[in-house]
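Each remark here refers to the structure printed beneath this line.
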Amino acid sequence: MSWLRTWRALRDKGVLGINRRNAEYTLRWNPRSKYPTVDDKLLTKKLCARAGIPTPKLLAVASHHFELRALRQAVLGLDSFVLKPARGAMGNGILVVRAREGERFRVAGGRSIGIDDLSYHAAGIISGLYALAGQTDVAIVEERLEVHPALVEITTEGVPDIRVVVFRGVPAMAMTRLPTRKSGGRANLHQGAVAAGIDLGTGATTHAVQQSRPIEKHPDTGQSLLHRTLPGWQPMLEFAVRAADETGLGYVGADMVIDATRGPVLLEMNARPGLMIQLANQAGLLPRLRAIERGWRPDRSVEERIAAGVAIAAGAKQ
Amino acid sequence: MNRRAAASGLALVLLGLAIFAWKAVVYDLPVLPTDPEGLWRVELAVSVRGSGDRGSVRAPLPSTGPGQEVYDERSAADRLLFTIRTENGDRTAIWRGAFNGVHDIAYGFRVRLEPIVTPLESAAGVPVPREITERHGRASREFPSDAGEIQGVLSALALPPASDVAGRVRSVYAMVAHEVATSRGGPDDALIALANRSGSERGKTALLVSLLRGAGVPARPVLGLDLGGGSARETLWAEAFVGGVWVPLSPNGAFFAERPAHLVALRAGSMAGVEVTGAEAVASRWDALREHLRSEELAAMMVPPNRALRATSLYRLPVETQTALRLLMTIPLGALVVAVFRNLIGVPTFGTFMPVLIAFALRNVPVYVGLLMVVSTIGIGVFGRLVLERLRLLLVPRLSILLCVVVLGVAAFALLGRTLETRALFSGVLFPIVILTMLIERFSIAAAEEGLATALKRAGWSLLVTVAVYPVLRDPTAEYLMFSFPELVLCVMGVLVWIGGYTGYRLLDLRRFRSFANADVAPS
């Protein structure tokens, strides 16, 4: 039976399932009290500022409906920006404005919207429409990041992001999520974005999948997805590990973007990182997580831990 | 699964099962719902129209007697005076007054029925009391036992000697049951039925009584109700007085010397049903419903004589609390189904317990009606939301407007249910409208954010879980078990501990990661 065969294959490769991730990793290593700092992007920003990790520049904030007027004034002075909820889940409620023509804004996906639509969207954010638990939220306006030239060939719309899963301060696995036309410019794997696994040691892509199926070329540009080395890989690993240390979470995903001018920038931290990263790497997380646990020692420097993660990732491959 | 979770789960399950077994084995509480046969609630509804004249409505009332126990009688009639007259042990309900316009009369009773089996002995030496012979042995206009045709048939039957009463009854019964056809709308008169060799139930009963009396056996007709087949129908049968007891005989061969438990005798000795004078009867009908044991009867049966068990028996609660708790006690089962779907299968749904709540609210209607209601209410809501979107309203007022739209939609369902005479639709008014409004909002956001396909898929999964929860909440056996044995909730909790401690793959994990199984050959 094929279900049984898949079951065995997953178990043999040490693929982490949702139940085990929740029970043995997120529930065990991520204390609930630390969630607010990662669930709220404003708090994440503060935390990163403290640790000297670059984040997208904050341009405007509205936490109450009466502050929307000021927000409108602010965005009318900007050419491009991103409007997002501070506590949004799964990339919901994010509006990327590429260009402004007077009082109209061209958003990702080619649509053009007016300033009223924009402030209505911001009002929805404040009301908690996109918030994790429906609580009132804060609308934030950030600078829009540009796709790094090294990734232009394999990006159609939107900006690719890079995720590093960090377990107990040691990087375990990494991938990059490349938006496609199908995903509507969003780096959401469920909607058809491409995920490419990254070799922790070199920062080069190794495998790629789209909606669970392995692929080799970008579906829109036709360019090869494999063996592309991401620029600034070492600093990215460092940011991920240091940010994870700051959050106090034991099992966390760090999402970063390589900006064309600023280089690596940390977007957000995720306390419940998804499992698709395993498909993108064609490798299970469990052997690496267990190796990290076995080799865990207190008071190691960031560099030591990165080296340990790289060694474990390389060892798990054999 | 970690060992502690496995052990705690096992402990809970075993504890629940132990108490359950204690109650079931030691105190002999029935494990399955027991409903004694033959418990009915019967109702008579008569509508009468009059134009100001005084008049009366008479209806034969059943009495407690062999094979039937009548209790809990109730009567309701607007603007009429109600009395019960008892004559020769027969009871008649009388509603009288000035009939003006339409009057609705209702009368109901509960009855416990048992089959009657009468031994048919030759009964030679048993003397027949004189009043029986006088009342039930003589010829009358209705039962012309002295008519020439009757006497002719009796002599042609070559009856056994008069001392063999049982033999005579048997012969006469066989003749009427098998040689005279039963036809609906056939002759009601004994002699015409005999001449045609075909008669209505009434005609054949009259013939049977006439022939028995002609053969020297006291006999009487009985007007009764046949509760078989889920409705109540007026019916007639005959009774012969043999060996000191009345022996029931079916005019159409359905029973002989025994009365099945679906028959209620309303009156013996007369075939007259509901009579109306001074007004016009518009409608008259009997209805019957299978009854359950009343709560105090059930409680007497279900509360074990142990102090600890008595203290924890839910049957000791007031009836209204019991009704509410009965429903509530099935919710753990619904939650268990949801946990299986979410954690073992990995189905994404809108809201964790939304399916349970929807299934709970819809448990009174058939599943297709329920689904239709959910889908169309969501449809109305999503459409309403699309319209509202243009107004750019703030979240809470917008949700509240949606709530209003949903309330109106539910009201429309109720109206529709009324015009269609469909109680199923009507009873869905309990609808969890607030939950539904949230569902509409979540559906709309999912559709906008993740595409209509994803939203529809998740809505489909949610409905699937709803449909899976549904039978659990509707099943009377499950309800009975959970209410009678609340310790089973411990078992449910134990299983939930196991599910919560299960760290293996979910069924849909396998589908998501299936490319791992195919990548066996790929070099690493």
inquiry  = Whether any residue in the stretch B:155-176 is under 29 Å from B:SER284 (Cβ atoms) and either open to solvent by 30 Å² or more (accessible area, probe 1.4 Å) or out of contact with any strand residue (DSSP E or B) (no Cβ under 8 Å at 6 or more places or on another chain) (or both) is what I want to check.
reply    = yes
inquiry  = With surrounded by fewer than 16 Cβ atoms within 10 Å (Cβ to Cβ) and more than 14 Å from chain B (Cβ to nearest Cβ) as the only criterion, which of A:GLY232, A:GLY295, A:GLY253 stands out?
reply    = A:GLY295
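Conditions tested, residue by residue: (1) surrounded by fewer than 20 Cβ atoms within 10 Å (Cβ to Cβ); (2) at the interface with chain A (Cβ under 9 Å from one of its Cβ atoms); (3) in contact (Cβ under 8 Å) with a residue 40 or more places away in the chain; (4) not β-branched (Val, Ile, Thr).
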| site | (1), (2), (3), (4) |
| --- | --- |
| B:TYR470 | no, no, yes, yes |
| B:VAL495 | yes, no, yes, no |
| B:GLY500 | yes, yes, yes, yes |
| B:TYR505 | no, yes, no, yes |
note = Residue set A:ILE154, A:ILE162, A:ILE140; condition in contact with a His (Cβ under 7 Å, 6 or more places away or on another chain) and at negative phi; output residue A:ILE154
task = Considering only residues that are touching a residue at least 40 places away in the same chain (Cβ under 8 Å) and within 19 Å of B:ALA447 (Cα to Cα), look in the stretch A:130-158 and name the one that is surrounded by the most Cβ atoms within 10 Å (Cβ to Cβ).
result = A:TYR130
query = Of the conditions (1) modelled with pLDDT under 85; (2) open to solvent by 30 Å² or more (accessible area, probe 1.4 Å); (3) small (Gly, Ala, Ser); (4) out of contact with any Ser or Thr (no Cβ under 7 Å at 6 or more places or on another chain), B:ALA124 fails just one. Which one is it?
reply = (4)
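Yes/no per residue for (1) under 22 Å from A:GLY184 (Cα atoms); (2) not basic (Lys, Arg):
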| position | (1), (2) |
| --- | --- |
| A:VAL75 | no, yes |
| A:PHE81 | yes, yes |
| A:ALA86 | yes, yes |
| A:ALA89 | yes, yes |
| A:ASN92 | yes, yes |
| A:ARG100 | yes, no |
| A:HIS121 | yes, yes |
request  = Only residues that are away from every other protein chain (no Cβ under 12 Å) and either open to solvent by 70 Å² or more (accessible area, probe 1.4 Å) or small (Gly, Ala, Ser) (or both): list them for the stretch A:199-215, please.
outcome  = A:GLY201, A:THR202, A:GLY203, A:ALA204
inquiry  = Could you check the stretch B:15-26 and list, in sequence order, the residues that are open to solvent by 60 Å² or more (accessible area, probe 1.4 Å) and more than 19 Å from B:LEU333 (Cβ to Cβ)?
reply    = B:TRP22, B:VAL25, B:VAL26
task = Restricting attention to the stretch B:341-361, report how many residues are open to solvent by 50 Å² or more (accessible area, probe 1.4 Å) and more than 21 Å from B:TRP498 (Cβ to Cβ).
result = 2
inquiry  = I need the full set of residues from the stretch B:362-399 which are crowded, with 17+ Cβ neighbours inside 10 Å, hydroxyl-bearing (Ser, Thr, Tyr) and over 17 Å from B:PHE350 (Cα atoms), in order please.
reply    = none
key: helices (runs of 4 or more DSSP H) within the stretch B:410-518 that include 2 or more residues modelled with pLDDT of 85 or more   = B:452-474, B:476-484, B:488-501, B:507-512
message = Here are the criteria: (1) within 27 Å of B:GLY346 (Cα to Cα); (2) in contact with a Ser or Thr (Cβ under 6 Å, 6 or more places away or on another chain); (3) more than 10 Å from chain B (Cβ to nearest Cβ); (4) without any contact (Cβ under 8 Å) to a residue 40 or more places away in the chain. Tell me which single one A:VAL38 does not satisfy.
response = (4)
ask   = Is one or more of the residues making up the stretch A:59-66 facing another protein chain (nearest Cβ under 10 Å) and not aromatic (Phe, Trp, Tyr)?
value = yes
message = Here are the criteria: (1) away from chain A (no Cβ under 14 Å); (2) over 25 Å from B:ALA11 (Cα atoms); (3) open to solvent by less than 10 Å² (accessible area, probe 1.4 Å); (4) not basic (Lys, Arg). Tell me which single one B:LEU510 does not satisfy.
response = (1)
Within the stretch A:43-53, tally of residues that are open to solvent by 40 Å² or more (accessible area, probe 1.4 Å), out of contact with any helix residue (DSSP H, G or I) (no Cβ under 7 Å at 6 or more places or on another chain) and under 16 Å from A:VAL141 (Cα atoms) = 1
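The values are calculated or read from the model by the stated rules, or taken from the named source; none is laboratory data. Computed from a predicted structure; not experimentally measured. For neighbour counting, all protein chains shown are included, and Cβ atoms are generated from backbone atoms with ideal geometry for every residue, glycine included. Note: accessible area is taken over every heavy atom of the protein model, side chains too, but ligands, DNA and RNA are not part of it. Shrake-Rupley method; radii C 1.70, N 1.55, O 1.52, S 1.80 Å.
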